Structure formats: structure tokens, C-alpha cells
1. What are the ³J(HN,Hα) values, in whole Hz, obtained from phi via the Karplus relation 6.51 cos²θ - 1.76 cosθ + 1.60 with θ = phi - 60°, for each residue of the range 310-316 in sequence order, with x given for Gly and Pro?
2. Sorting THR346, THR312 by accessible area (1.4 Å probe), largest first, what list results?
3. Work out how much length ASP28 to LEU388 would gain on full extension: take 0.36 nm times their residue separation and subtract the Cα-Cα distance, in nm to one decimal.
4. Which of LEU43, LEU303, LEU181 ends up with the largest GNM mean-square fluctuation for the chain, with Cα atoms connected below 10 Å?
5. What order do ARG364, ARG96, ARG307 take when sorted by accessible area (1.4 Å probe), most exposed first?
6. Starting from the residue with the highest accessible area, list ARG145, ARG345 in decreasing order, probe 1.4 Å.
7. In the Gaussian network model of the chain, springs joining C-alpha atoms below 10 Å, which of VAL153, VAL292, VAL139 carries the largest mean-square fluctuation?
8. For LYS253 and ASP316, FRET efficiency with R0 = 35 Å and r from the beta-carbon atoms, rounded to 0.05?
Amino acid sequence: NYQTVARAGFEWKDPPPSYVSFYEWWPDLHGWSPDGQHILVTLHYGDRRELTLFSLADGAQEVLREYPAEGPDPYAALSPDGDYLAYGEKDDVFVRPLAGGDAVAVASGPSKDVLLGWTEQGNVLYLSDRDLTEGVWRVSAGNGRPADDAALVAGDLWGMRPMGVAGNSLFYGIQTEARQLHMVSLDLDRNRLSGLPAPIEPQARESSYPSWSPDGQRLLYFVHPAGRRSEFRLMLRSTAGGEARDVTPGALKPAWDRIRWSKDGRGVLIKGEDPDSGREGFFAYTLATGDVEFVFSLDTDDLEGMRIFEETFSSDWESVYLPVREGPEGSYALIRRDLATGDQRTLLTREAPSQPDQPHPFRRAFPSPDDRFLAFWEFDGSGTARMLRVVSTEGGSPVSYT
């Protein structure tokens, strides 16, 4: 906690602001300088993170770089001679003189590159998913600049957990099991499986959120290294066979969430964030061209103060169905919102429950193919029994089937 690290010598340059709690500030230690007189550390604050060189002699702190509060944790390391600093930023790896000066990219491009450390010979090691593999790469940077092309040290290290570099050795662990999607053909004439279910991803990385194209010939899903859900990619696979393609949009930071296909199979509706504007919401992503277009955000004035549970879009993406609750103790409603005009229609309402921990009554809504009806589960007043119901998307009394 704050008092413990403060007694160890890490102090705020200013009194800590009132919003900082024990969980909003901590030091992330990267290692020692070769002479043992400094510690390289990232100081996490409530609104930013600072890569700092901490002097054991007098407690002086030199801020080397500043990062925003959000994003992957930055990692940095000092060269064996203590003259250069290597650090990661925005999926690339840079090297710069520790005393100051311009930084040089030693690993960059569309791949995701993560710094691992330095070897005794002044080589920078980094983890990368380039060249259709995830492995460790090495580039010589003893003089602060890449002296040659990067070389692959070891490939197919899916799910690797780096543990540190010592001398010329890299220590790491591998997670050999991961939750994966499986695929199997059905023999409908004989009412049985045509074989054994096979994983769609041969590597030890997790796969989830599958979504079939309307014609059933393509499958979209997310993958990520085991245990690292923040590093997911969007993959497209044909049922006819062949390798899966990485179709992660370059103009959008997608969220790990449900994928919705358009009726014509040309695009998908995915949740994400525009990295340029910071706008969050749902975006239409055209697979062939890579075009991204904003569709809808839950962060609107007329939805402010409402708690929204599991939004559902119509098949033509012209409407969204929102199970909401008005305030922490208010009543429940199932509303239909026109995405073009913002007009809303309340389809169903329920009074606030008597027990504060009861689930929202309206769950898992599915529109019919013509968008005329909405099927959904509804919990009863006790919050334990579920009923399957269907209601018109224009409103009215629902029909119960269970």
C-alpha cells in the first residue's frame, strides 16, 4: 500500500490527490542499473503512469517517459552497460540514450511487439506475432541503433509467459491448455456427428465469441494468447478449409464482445473504440475494404442514469433493444430505439423488485428474421424461474410459451 512504499523511499512529488487510493498508485519495478545505484520503475498514478529512474543515493526521481493511465502496462529495461533505455510503446519497441536523445524503433510495424529485455551482448529481445507465428525475436542494438535485421530466436511460442532475461538466457513459461472453439460436421440424415469435434485454432491460444455468416460458409471469432485477454485478434475462417485470416480492423480498437453479421454477409457490427477520437460504441465494419462507420453509442444524454443490460440489435441494424433500469432502485423497461432518429418506444415495463439482488427480468432477447417480433427470457417476481416470451416490436402484450 501507499504507506509501505513511501517508507521504502518512493515519495510523491506533490501531496497525493484525494482520489488516489491504495489501488490507484503502486510502483512496477523493472530492474536495477548495472552499477546497482538506480532502480528503473513505472509509477502508476490515478491519471497517468511515469517511467522513472530512482536513485538509491539521494532518492532523486528522473521521469524518463510519461504514459496515459489506460492501456497495456509499459515495460522497460536498461542495457548491460547502462547507457541505453529500451521500452515498449503502442505495440512497438524503442531504444534511446539514457542521458536523453532521440528514440529509435528496433521493432515496429503492424505486428504486436513486446519488449522482453537485453542480453549481455547488447541484443534486444522482444515477443512478436509477426510472420504468422508468436515467438521471440532478437535485434542487435548495442550502440542504441539496430545493427542488423531482426532474427527469429524461437517461434510457435503461443501463450508464452516471459519471466525475465539473465545473461544470455531467457526464462519463460508456456500455458499448454486453453479454452477453445471446436467445429464438427453434422450428418442430418443419420442424426449423428460426422466425426470428432476439432479445435479451430491449433495453437495454445483461447478462442471465443463465434459468429456464423448468414450463408454458414464463414466463421468469425476472437483469439488471444492464453491468459492475456487484452491482446485479442479478430479471425475469419472458411468452412471449406484453409488457414484463418486475421481481419482485426486497423481503424478501430475492437472490444472482446459479441459479433453481429449484416444480412448480406459483407460486414459485421462490433463494439469498440475509435483510437483517433476516443469515441466508444458500436461500429459497422466492412470486411472486404476495412471501412469502419460509427452506428450507436450507449453514452447518450437520454440514456444517462439508466443501467443497460445486454443490448440487442435488429437484423437490419436499424433498431436496438435495450433492457434498462431507471436508477439503482427504479423500475425496469424493455425499450426499442431507432438508431437513425433516436426515437424510443417502451415495449414492456416491470416494477422495481422487492429484493435488491434480483436479476433484471428481461434477458437474452432475439429478434425474428423480419424484425417483427422479439423473443426473450423473463424472470418471474422471485428472480428464480424463467419464462420464454414473444412480443411485437411495436409493443403490446407478450405471449408466454413456458
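1. Along the range 310-316, the couplings run 6, 5, 9, 9, 5, 5, 8 Hz.
2. Order by accessible area, largest first: THR346, THR312.
3. Result: 124.6 nm gained on full extension.
4. LEU303
5. ARG307, ARG364, ARG96
6. ARG145, ARG345
7. VAL153
8. Once the sixth-power term is evaluated, E becomes 0.85.
The values are calculated or read from the model by the stated rules, or taken from the named source; none is laboratory data. Values in this document were obtained by computation on a predicted structure and should not be read as measured data. All Cβ positions, even for glycine, are placed from backbone atoms using ideal geometry, and neighbour counts span all protein chains on display. What goes into the accessible areas is simple: the full protein's heavy atoms, side chains included, and nothing from ligands, DNA or RNA. Shrake-Rupley method; radii C 1.70, N 1.55, O 1.52, S 1.80 Å.
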